[in-house]
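One structure is given here, and the rest of the page talks about it.
What follows draws every value from the coordinates through simple rules; no lab data is involved. The structure displayed is predicted, hence computed values, not measured ones. Neighbour counts run over all protein chains shown; Cβ positions are idealised from the backbone, glycine included.
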Amino acid sequence: MSFTQQTPSHVMVQQSENSDTPMCMTQNPVLRITLTGPTLVLTILAIIVSIQCVHPSLTCTLIALSPLPWIIHNDYENFISLGPGGTPSTFLGYLKITYLRLFALSDPYKPSSLSEPIYPPVGYYQRARSWLPKRNGPRPTIAGIAPQRQLDQPGCPQMYQALRSALEKAAERQPSTLRIGTSCFEKKGLALFAQMPINATCRGEICHVHHSDRSMHLNLHPDDAKVVLENGWGERHPLARGGWMKAYVPREFVMVYAPRDQKELDVVCRIIEAAGFWVCGDRLELKIDLNRARDGEARLTE
């Protein structure tokens, strides 16, 4: 017997950091309760005994609360299925995320409003008189807070390898300005850092990429974040609301969707260049080498 919330389950293939073996990332309806034959019989007997032995009002309360353990279990399974991230994949980590949900943004597509002066005062795209095209198609489905992951519209493996290569090469070309390391936000995964950040992020982190879904998080000037949101390339992190929430992520923290082809990869690289402008104040140029990306992808499958 099953009681299910009327929302679809989402399944996505993800890959481990060191192999190309498919794994499963799922998000199931939270209000799903499955009772087998013996469990159903025991549940009915428990209700009958409660009616006979317990005050009716208490019995009604217990019946009303009985789905709660299943709801918590399903929600916890959804949290675990997103894989490792900035929050430990434990029940204590789940409780922390459940608490933080109370303060999550209600509309992650709405740009943030500023009341205080910032530096640089003008965003990268306005300064460079550049622009971003509209992203094709609807937005992908996003789940979670920490980790936050993209569940559908998977990115291209070759574009992902090309992006990693471009970040590594950028750090090699500008060692006095940039460095490569493990993400400070995620505690895992490849990240690009500013050696001397002009705006505070986690140890100067500009961006990091997610191997599981090939999306990424980065820090953007509010003007540039507005352009990215309005053109459908990403969304604000649920906790990026400023104030005391800066203890978790900056107000300027944005998720950018995984690039599906070379055209989208070119746009994503321009967004990362804007992130570099916000964090370190210097021009950051990413050069895509698809041949090197093919070599890196081949090594993963050997």
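When the helix-only estimate is applied to the chain (DSSP H runs of n ≥ 4, each -39,500 (n - 2.57), divided by the residue count), what is the mean residue ellipticity at 222 nm, nearest 500 deg cm²/dmol? Could the numbers behind the result be given before it?
Numbers: 9 runs with 112 residues, N = 302.
Estimated from H runs of four or more residues: -11500 deg cm²/dmol.
Couplings 3J(HN,Hα) of the stretch 267-278, computed from phi: 5, 4, 5, 5, 5, 5, 4, 5, 5, x, 4, 6 Hz, in residue order, whole Hz [Karplus 6.51 cos²θ - 1.76 cosθ + 1.60, θ = phi - 60°; x for Gly and Pro]. The listed peptides 50-57, 65-72, ordered by packing as a protection proxy, come out as 65-72, 50-57 (highest mean of other Cβ atoms within 10 Å first).
Projecting label points 7 angstrom from Cα along Cα→Cβ for TYR99 and HIS55 puts them 3.2 nm apart.
May I ask you to work out the translational diffusion coefficient for the chain at 20 °C, viscosity 1.002 mPa s, via Stokes-Einstein with Rh from the Kirkwood sum over Cα pairs, reported in whole µm²/s? The calculation lands on 101 µm²/s.
Relative to the dominant Cα principal axis of the chain, helix 56-65 is inclined by about 30°.
Note on the stretch 162-302: Kirkwood hydrodynamic radius from all Cα pairs is 15.1 Å, rounded to one decimal. Peptides 91-102, 265-276, 232-243, 208-219, ordered by how many other C-beta atoms sit within 10 Å of their residues on average, highest first, read 208-219, 265-276, 232-243, 91-102.
In order along the stretch 132-137, the phi-based Karplus estimate (6.51 cos²θ - 1.76 cosθ + 1.60, θ = phi - 60°) of 3J(HN,Hα) comes to 10, x, 6, 6, 6, x Hz; Gly and Pro are listed as x. Phi angles of the stretch 168-183 translate, via the Karplus equation with coefficients 6.51, -1.76, 1.60 and θ = phi - 60°, into HN-Hα couplings of 5, 5, 4, 5, 5, 6, 10, x, 6, 10, 10, 8, 9, x, 7, 3 Hz per residue; Gly and Pro are given as x.
On the basis of the beta-carbon distance and an R0 of 22 Å, GLN195 and SER130 show a calculated FRET efficiency of 0.30.
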